[in-house]
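Structure first, commentary second.
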Number of protein chains: 2
Amino acid sequence: MIDHTHDPELKSWVESANSPGAEFPIQNMPYASFRRAGDERVRLGVAIGDQVVDITEAFGTGSMQAVMEMPQEGRVRLRQRISSFLARHARGSETFLIPASRVELLLPCAIGDYTDFYASIHHATKVGGMFRPDNPLLPNYKWMPVAYHGRSSSIVVSGTAVRRPWGQIVEAATGPPVYSPSKALDYELELGAFLGPGSTMGLPIEIKKAEKHLFGVCLLNDWSARDIQAWEYQPLGPFLAKNFATSVSPWIVTREALEPFRSAVPARPPEDPQPLPHLRAASGAYRIMLEVWLRSAKMREPVRVSQSDFSAMYWTLGQMLVHHTSNGCPIRTGDLIGSGTVSGREKHNRGCLLEITSRGREPLELPTGETRRFLEDGDEVILRGWCEQPGFRRIGLGECRGVILPAIQAASETPPKESTVARNPA
Amino acid sequence: MIDHTHDPELKSWVESANSPGAEFPIQNMPYASFRRAGDERVRLGVAIGDQVVDITEAFGTGSMQAVMEMPQEGRVRLRQRISSFLARHARGSETFLIPASRVELLLPCAIGDYTDFYASIHHATKVGGMFRPDNPLLPNYKWMPVAYHGRSSSIVVSGTAVRRPWGQIVEAATGPPVYSPSKALDYELELGAFLGPGSTMGLPIEIKKAEKHLFGVCLLNDWSARDIQAWEYQPLGPFLAKNFATSVSPWIVTREALEPFRSAVPARPPEDPQPLPHLRAASGAYRIMLEVWLRSAKMREPVRVSQSDFSAMYWTLGQMLVHHTSNGCPIRTGDLIGSGTVSGREKHNRGCLLEITSRGREPLELPTGETRRFLEDGDEVILRGWCEQPGFRRIGLGECRGVILPAIQAASETPPKESTVARNPA
């Protein structure tokens, strides 16, 4: 529902929110969990320009979880209240602001279950062809949003360094595996979606109600070790190739903020089979532009490596949720779903190095003259995202950053502190 | 460590614990989370004969989670204290007892992540041959305990009815899929293991320390819809075929109680490759006998369908934990791992109907004259388990029960209350 909170003319008394390039104008208002310096309490914040509103103090709401659990109508009302608070300055309002540079951003919430989809047909076709040249796109792909369960315990917030994993790797085609640090470490550009109200076990969610369960979106980097993946993934799917780390951006852009940015056109070509009735999309996909930037240890500034459009995915978030619950599997507030690598048709739309370099055969050239087949120690990967639509204010998703730390020397070494597990706030 | 709590001559003042067939003698003392009638508070209990000791009241411990987090030495001391409490009657001790029939048993704890292994080579070979006749056992099988992530939100405690799931099924080899109730619903007999102290992200667990992270075991039924599985599982593994429900028994038999029941002999034949150094088993597998019983709606008493020995698994629980963290993936207190279907070499050792009936081709005959290819509505599956060893008292794992409810008529129908999601107690 579009309302006055989406009015592109609306301005805030927080001046930094009104500058043309601002990621967080008053039309956006994404949520994060944060701590103030010297205070252990986890608070709920809203980003406005370069400031954070302490929503817990200003509105007396509980944690992120409490807002996520609200039915859609409650979330809309809270958005309207926060918009009014930021549009018209009242005496003392500024006491609830903290410069964003002075807060510690945390994982948004306690994540119960994390599910990763595979919803880009361009990614599935290209990667499928590498692992199965004779059979790149499997027969089920156009009938269901294929997915697998991921690992909640290794989800970390943007800024957490990621240690190169060890794993079983087959180096010679016929030789035995060795246990060694991965030599084919990759990122995957994904959109993450945090779920709001949960569902009842045994009861599928209907497509026309699916988006009521969608709280909001973030950037998600599904770090992947391709050499571990190639050896382990048959027959039960990816496991240790993925579960050493998954990074998410701290700011959740709500479903309400995304409402103006819808694609009218389905991504599915007319010659493809129509989805089964329960999976027929009830509304257009969200148009979210996503980018990957890479900075090696030698580079001062990152360089853009790819760009893609979330609305080009073969399946929508609503279809993913319907499929996920189509067998009665219950979802819970705070669950996270990943979209799968967001890749498009063209070479500059490829959302991971595996695709960009064709499994390392065509290295990527960096401005420093360095080349990359896969990630090297010290490389930093930065995901960015935003939405644009004529007649509406541009809104940003912020950033999801992670730098690669060298592998530990041996399993008995204690790694440095920066790679310890980021705790869920709840 | 074997100590006086394992002495087979030790008796309890709770007389029902001393009868020869008792599942819960004083040598066992498994933990469960429970509620007393009319009281919402979740308590920690220990089973003794047909009674439950309210450990929260008697010992002032917190929840199950608090005990799970204890280092191994703390758990051993608590076991010794509870053993003394139950061995020598003190005035008023009986006020902490409640008949087991009068408590509500809950899921043991809040389960963060659930991982399901595939550690029976007999199961993997037989089932692999059905899905891939040319390639039953994949090359990685003898090198790593293959696993995939499962779903925490649909784990329910024994006694919770399980609704037949809907899903996408391909009925004719070349036809499109249909969305319909599963016609190939199965159980899988597994051992579950709850984890104690967690590990640090980035830091693999060494094999000689692995069992310190093992809190205890339960029975686990990994309900599976084989028709949904066959269509969906490529390339990312099982998803909706499994995540509609997983049942666990409420009583966790601790690692300390299991200590006398070790196999000296590795299950791995000498001609097979030796595991890589980090995966070389440091101790023998636990010898736990497991059984499946089936009762159709027409039967008064269940009939035993299979029996198998957990120590015949190709990989031990310690090896599973080491592999799981070998890439730095952190484990958290309360995580659950499933062993995979526990099948042995012989026909009567097959832990699921898919194996017993060779994918439905050789139906199982029941004493009523009924036959089963897969489960029918009203069928109840009962898992049982115990440990026996000369010189020690037999201990039981209790039961894990679940009855099959008919599928809902359509996705918009609200299912009856008994199939709503069982909440985690924490």
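The values are calculated or read from the model by the stated rules, or taken from the named source; none is laboratory data. Fair warning: this is a prediction, and the values are worked out from it, not measured in the lab. Here Cβ is always computed from backbone atoms with ideal geometry, including for glycine, and neighbour counts include all displayed protein chains.
Counting just the residues of segment B:368-389 that are of a type in the set (Val, Ile, Thr) and either modelled with pLDDT under 95 or surrounded by 15 or more Cβ atoms within 10 Å (Cβ to Cβ) (or both), which one comes out nearest to B:ALA225 (Cα to Cα)?
B:VAL381
Please list, ordered by first then second residue, the pairs with beta carbon atoms under 8 Å, 6 or more apart or interchain, first in segment B:331-344 and surrounded by fewer than 24 Cβ atoms within 10 Å (Cβ to Cβ), second of a type in the set (Asp, Glu).
What qualifies is B:ARG332/B:ASP113; B:THR333/B:GLU69; B:GLY344/B:ASP309.
Scanning segment A:213-225 for residues that are more than 10 Å from every other protein chain (Cβ to nearest Cβ) and under 17 Å from A:ARG164 (Cα atoms), which turns out surrounded by the most Cβ atoms within 10 Å (Cβ to Cβ)?
Only one residue fits best here, namely A:ASN221.
Residues of segment B:125-175 being among the small types (Gly, Ala, Ser) and modelled with pLDDT of 95 or more, which ones?
Result: B:ALA147, B:GLY150, B:SER152, B:SER153, B:SER154, B:SER158, B:GLY159, B:ALA161, B:GLY167.
Please list, ordered by residue number, the strands (runs of 3 or more DSSP E) wholly in segment B:322-414 having 1 or more residues that are more than 14 Å from chain A (Cβ to nearest Cβ) and under 24 Å from the mean Cα position of the chain (by Cα).
B:380-387, B:395-405
Might you let me know whether segment B:222-230 holds any residue that is modelled with pLDDT under 95, not basic (Lys, Arg) and not in a loop (DSSP other than H, G, I, E, B)?
Scanning segment B:222-230 turns up at least one residue that is modelled with pLDDT under 95, not basic (Lys, Arg) and not in a loop (DSSP other than H, G, I, E, B).
Collect the residues in segment A:111-142 that are touching a residue at least 60 places away in the same chain (Cβ under 8 Å), of a type in the set (A, V, I, L, M, F, W, C) and surrounded by fewer than 20 Cβ atoms within 10 Å (Cβ to Cβ), keeping them in residue-number order.
Those that are touching a residue at least 60 places away in the same chain (Cβ under 8 Å), of a type in the set (A, V, I, L, M, F, W, C) and surrounded by fewer than 20 Cβ atoms within 10 Å (Cβ to Cβ): A:MET130, A:PHE131.
Looking at (1) assigned to a strand (DSSP E or B); (2) touching a residue at least 40 places away in the same chain (Cβ under 8 Å), can you tell me which one A:ARG304 breaks?
Unmet for A:ARG304, out of (1) assigned to a strand (DSSP E or B); (2) touching a residue at least 40 places away in the same chain (Cβ under 8 Å): (2).
Return the residues of segment B:193-212 that are outside any loop (DSSP other than H, G, I, E, B), within 13 Å of chain A (Cβ to nearest Cβ) and either under 21 Å from B:GLN65 (Cβ atoms) or touching a helix residue (DSSP H, G or I) at 6+ places or on another chain (Cβ under 7 Å) (or both); say none if nothing qualifies.
Result: B:LEU195, B:ILE207, B:ALA210.
Sort out which residues of segment B:285-298 are surrounded by 16 or more Cβ atoms within 10 Å (Cβ to Cβ) and either out of contact with any Lys or Arg (no Cβ under 6 Å at 6 or more places or on another chain) or farther than 16 Å from B:THR341 by Cα (or both), and write them in order of number.
Hits for segment B:285-298 are B:ALA285, B:TYR286, B:ARG287, B:ILE288, B:MET289, B:LEU290, B:VAL292, B:LEU294, B:ARG295, B:SER296.
Could you please find all residues in segment A:243-263 being under 30 Å from A:PHE131 (Cα atoms) and in contact with a His (Cβ under 9 Å, 6 or more places away or on another chain)?
A:ASN243
Scan segment B:230-266 for residues that are among the aliphatic types (A, V, I, L, M) and without any contact (Cβ under 8 Å) to a residue 60 or more places away in the chain and jot them down.
Matches in segment B:230-266: B:LEU236, B:ALA264, B:VAL265.
Might you check whether a residue that is crowded, with 23+ Cβ neighbours inside 10 Å, of a type outside the set (Phe, Trp, Tyr) and out of contact with any Gly (no Cβ under 7 Å at 6 or more places or on another chain) occurs anywhere in segment B:174-188?
Yes.
Sort out which residues of segment B:154-173 are of a type in the set (A, V, I, L, M) and over 22 Å from B:SER249 (Cβ atoms), and write them in order of number.
B:ILE169, B:VAL170, B:ALA172, B:ALA173
Filter segment A:1-46 down to the residues that are among the aliphatic types (A, V, I, L, M), part of a loop (DSSP other than H, G, I, E, B) and within 30 Å of A:GLY284 (Cβ to Cβ) and list them by number.
Selection gives A:MET1, A:ILE2, A:LEU10, A:ALA22, A:ILE26, A:MET29.
When you check B:PHE239 against the structure, is it part of a strand (DSSP E or B) and either hydrophobic (A, V, I, L, M, F, W, C) or modelled with pLDDT of 95 or more (or both), yes or no?
no
Could you check, for segment B:268-290, whether at least one of its residues is without any contact (Cβ under 8 Å) to a residue 12 or more places away in the chain, in a loop (DSSP other than H, G, I, E, B) and of a type in the set (S, T, N, Q)?
Within segment B:268-290, one or more residues are without any contact (Cβ under 8 Å) to a residue 12 or more places away in the chain, in a loop (DSSP other than H, G, I, E, B) and of a type in the set (S, T, N, Q).
Give, as residue ranges, the strands (runs of 3 or more DSSP E) completely inside segment B:145-192 that count at least 2 residues that are facing chain A (nearest Cβ under 9 Å) and touching a residue at least 24 places away in the same chain (Cβ under 8 Å).
B:147-149, B:166-169
Which one of these does A:ARG77 not meet: (1) surrounded by fewer than 20 Cβ atoms within 10 Å (Cβ to Cβ); (2) of a type in the set (D, E, K, R); (3) in contact (Cβ under 8 Å) with a residue 24 or more places away in the chain?
(3)
Are there any pairs with C-beta distances below 6 angstrom linking a residue in segment B:7-34 that is touching a residue at least 12 places away in the same chain (Cβ under 8 Å) to a residue that is of a type in the set (S, T, N, Q) and surrounded by fewer than 24 Cβ atoms within 10 Å (Cβ to Cβ), with the two at least 6 apart or on different chains, and if so which?
From residues that are touching a residue at least 12 places away in the same chain (Cβ under 8 Å), the pairs are B:LYS11/B:ASN18; B:ILE26/B:SER12.
Consider B:GLN307 against the criteria (1) under 17 Å from B:GLY192 (Cβ atoms); (2) away from chain A (no Cβ under 14 Å): it satisfies all of them except one. Which criterion is unmet?
(1)
Can you find, within segment A:226-283, the residue that is farthest from the other protein chains (Cβ to nearest Cβ) among those that are crowded, with 22+ Cβ neighbours inside 10 Å and among the basic types (Lys, Arg)?
This residue is A:ARG255.
Considering (1) at pLDDT below 95; (2) over 17 Å from B:VAL156 (Cβ atoms); (3) surrounded by 15 or more Cβ atoms within 10 Å (Cβ to Cβ), say which one B:ARG361 fails and leave the rest.
Only one criterion in (1) at pLDDT below 95; (2) over 17 Å from B:VAL156 (Cβ atoms); (3) surrounded by 15 or more Cβ atoms within 10 Å (Cβ to Cβ) is unmet by B:ARG361, namely (3).
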